[in-house]
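Student: Submitted below is the structure of interest, expressed as structure tokens.
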Amino acid sequence: MRIVRGLLLVCAMSAAWALAVEDVDDELKYEEPTVLITLLVRNKAHILPMFLSYLEKLDYPKKRIAFWLRCDHNSDDTIQLLKQWLQHSGKLYHSINYAFNDDTTSYQKETSAYDWPVSRFKHLIALKEEALEYARNIWADYVFFLDADVLLTEPQALRTLTALRLPIVAPMLLSESLYSNFWCGMTDDYYYQRTAEYKDIYHSVKVGVFEVPMVHTAVLVDMNYAGARYLTFDRQRLVEMQKKLKTEVRIYDGPLDDIIVFAMSANSSGVALHVCNKLPFGYITQPLETTDTVEQDLQQLVNLRINMVHDLGAVPPVQNYLQHHLRLPAKTKLDFDNIFMINLQRRPERREKMEQLFNELGLEVEHFEAVDGKQLNAQLVQEMGISFLPGYEDPYHHRPMTMGEIGCFLSHYRIWQQIVQRQLRQVLILEDDVRFEPYFKGNVQRVLQQASKFDYDLIYFGRKRLKDESEPWVEGTDNLVHVGYSYWTLGYVITLPGAEKLLAAKPLEKLIPVDEFLPVMFNRHPQKNLSDAFEPRNLIAFSAAPMLLYPIHYTGDSGYISDTEDSQQVVVTLDGEAQLKSDRQQIFAKENEMNILDLEQDLKLGESSHGNTLPQVSISKTHQEL
């Protein structure tokens, strides 16, 4: 017994010693660098709940973070919201130096909240200079200049940036278009110059840390770097510094602009600026024009939240005490009698994601359960009275129809039937794997308003052009073209007369895929043997230009799943009867599919580029991909 007790005592002492050593090891580790975050906030009550929540969720010791916060010239509840944040979370951080001023709402000679008169630039520059000096005085290891337009959704953002140990580095941020917080080129008069490398970095074709001539909006500065003493936002100080250094750099003669002056002070003193895209750090709203209103910023926020659903799976939640400040758009059907979303029962994750998107957009949508090709077989197809167009084969994959394609056609067909049965004047049909372009609702209304001057049966919102053929503009419109041969049924408008025309063609008696059938019906299909099988071919079809919808994944992308392609195929005999393909035939079909992969990738790149140049609020002919 004594031996057992002795062993237990030894074990206990060993465990205690191990814990003590572990505690010592923890104390011997280096602490994270101290970071001063500078915040200059004005009229940002609409974005602050997200901005502040994501700041709080940064995986970085809060006691190693101090804040320098200034807020003035507001016409909304920004100060009240910041006070709420300070009261709730201020004690979590090392310190917060703040000053609020609500004596005035505008600057001298300011025409709107988004105007930048000289008085505003001077005030901003003075504050940034004060913040930089404050960082020096408190011996901060880093100062992080951060605008409230930034949503840092990546919790590891600050740890990643400080670990780089670079003099100046910015996290690359995504916007609703190609705008970001870095430049890859600068003109001789100190303004932005687009380069090919910019797109490669922005789209993460190149991943890493890159030296660039300009970073702004979210900028981390290493205050322990000797060259940091030369950094300034003040134009006069920059000129004095350049003269003192007697470098060969041209004496600055550019605009009174804080971010340009800061970049030139770094460039003049040999302090390299970098941008990092190793992680998806977050998002940024674009600067507004003088004539814009806060509604434009709210629309940008809707666009960014939609991108978060696509990119992250959901909008990261805000802190509980800030949730009541958020408002989702009211639900609407726009100018449609109904909006249908087709979804397979076995794809609940797609339905959930689409419902999140509908909530963010404010769309009232009816779920329509798709016909599942995996539940079909030759006998069921025959019992439905379906016959196939003799001799049909896919013009690109050179294979007969798949069960998935049959299910897809039946899903759309049954919606057309409902349109007629319920006498729905005009509906929007969406599939469950679409990506909405920015300002979707406003652009839908613009397209429909332009189309209202004409008789039409169908309008594509998303499609894949298959021929380099003329698609003339619909006369008197900016965003409608007469549509040519196209694939995909991602999203399209169909009217009651249009649905009646499609049903009258009795397509189940000579079935072909739905995205082949529609071009046949508006008489733009290049294969005469298909076209001749259907009369009359009098569907009046337009397309939005540029597109309002794109697929979430393209063929060959990571995560690409096709419930129409990846299913059993059928062989169509001369009498139109459906038969299953043999395994050997399926192998040959896959080989044929691989032969066109490069073509599809080229089309993908061409289509994607238009999505990244969609302008704010409206769509226009300047982005014609015709």
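Student: Could you check, for the stretch 142-162, whether at least one of its residues is modelled with pLDDT of 95 or more, open to solvent by 40 Å² or more (accessible area, probe 1.4 Å) and on the phi > 0 side of the Ramachandran plot?
Tutor: No, the stretch 142-162 contains no residue that is modelled with pLDDT of 95 or more, open to solvent by 40 Å² or more (accessible area, probe 1.4 Å) and on the phi > 0 side of the Ramachandran plot.
Student: Please pick out the residue among K453, K467 that is surrounded by fewer than 20 Cβ atoms within 10 Å (Cβ to Cβ) and under 29 Å from the mean Cα position of the chain (by Cα).
Tutor: Values: K453 fails: under 29 Å from the mean Cα position of the chain (by Cα).
Every option except K467 fails the conditions.
Student: So the check is Cβ under 6 Å with 6+ separation or different chains; which pairs have a first residue in the stretch 464-493 that's closer than 23 Å to S452 by Cβ and a second one that's modelled with pLDDT under 90 and of a type in the set (A, V, I, L, M)?
Tutor: The qualifying pairs are E471/L626; N479/I619.
Student: Please specify each residue of the stretch 339-377 satisfying the condition of being more than 28 Å from L301 (Cα to Cα), in a loop (DSSP other than H, G, I, E, B) and either out of contact with any Gly (no Cβ under 7 Å at 6 or more places or on another chain) or among the hydroxyl-bearing types (S, T, Y) (or both).
Tutor: If the condition is that a residue be more than 28 Å from L301 (Cα to Cα), in a loop (DSSP other than H, G, I, E, B) and either out of contact with any Gly (no Cβ under 7 Å at 6 or more places or on another chain) or among the hydroxyl-bearing types (S, T, Y) (or both), then L344, Q345, R346, R347, N377 are the ones that fit.
Student: Something else now. Identify all residues within the stretch 53-96 that are among the charged types (D, E, K, R) and either on the phi > 0 side of the Ramachandran plot or open to solvent by less than 40 Å² (accessible area, probe 1.4 Å) (or both); write none if there are none.
Tutor: The first filter runs over the stretch 53-96 and keeps only residues among the charged types (D, E, K, R), leaving 56-57, 59, 62-64, 70, 72, 76-77, 83, 91.
Correct list: E56, R70, D72.
Student: Just checking, does the stretch 356-373 include any residue being more than 30 Å from L48 (Cβ to Cβ), out of contact with any strand residue (DSSP E or B) (no Cβ under 8 Å at 6 or more places or on another chain) and among the β-branched types (V, I, T)?
Tutor: Yes, the stretch 356-373 contains a residue that is more than 30 Å from L48 (Cβ to Cβ), out of contact with any strand residue (DSSP E or B) (no Cβ under 8 Å at 6 or more places or on another chain) and among the β-branched types (V, I, T).
Student: In the stretch 358-376, how many residues are open to solvent by 60 Å² or more (accessible area, probe 1.4 Å) and in contact (Cβ under 8 Å) with a residue 60 or more places away in the chain?
Tutor: The total comes to 1.
Student: Among the residues of the stretch 103-141, write down those that are surrounded by 15 or more Cβ atoms within 10 Å (Cβ to Cβ), of a type in the set (A, V, I, L, M, F, W, C) and over 25 Å from F182 (Cβ atoms).
Tutor: Within the stretch 103-141, A113, I138 meet the criteria.
Student: Just one of L430, L424, L490 is assigned to a loop (DSSP other than H, G, I, E, B), touching a strand residue (DSSP E or B) at 6+ places or on another chain (Cβ under 6 Å) and under 30 Å from R351 (Cβ atoms); which is it?
Tutor: On inspection, the qualifying residue turns out to be L424.
Student: Which of the residues belonging to the stretch 496-517 are out of contact with any helix residue (DSSP H, G or I) (no Cβ under 8 Å at 6 or more places or on another chain) and open to solvent by less than 10 Å² (accessible area, probe 1.4 Å)?
Tutor: G498
Student: Can you go through D102, D26, D72 and tell me which one is under 30 Å from A126 (Cβ atoms) and modelled with pLDDT under 95?
Tutor: Values: D26 fails: under 30 Å from A126 (Cβ atoms); D72 fails: modelled with pLDDT under 95.
Only one candidate passes the filter, namely D102.
Student: Considering only residues of the stretch 287-318 that are surrounded by 17 or more Cβ atoms within 10 Å (Cβ to Cβ) and touching a helix residue (DSSP H, G or I) at 6+ places or on another chain (Cβ under 7 Å), which is farthest from E349 (Cα to Cα)?
Tutor: Among residues in the stretch 287-318 that are surrounded by 17 or more Cβ atoms within 10 Å (Cβ to Cβ) and touching a helix residue (DSSP H, G or I) at 6+ places or on another chain (Cβ under 7 Å), the one farthest from E349 (Cα to Cα) is L288.
The values are calculated or read from the model by the stated rules, or taken from the named source; none is laboratory data. These numbers were taken from a predicted model, which means no experiment stands behind them. FYI the Cβ positions are ideal-geometry reconstructions off the backbone, even for glycines, and counts take in every protein chain you see. Just so you know, the surface numbers come from the protein's heavy atoms only, side chains and all, with ligands and any DNA or RNA stripped out. Shrake-Rupley method; radii C 1.70, N 1.55, O 1.52, S 1.80 Å.
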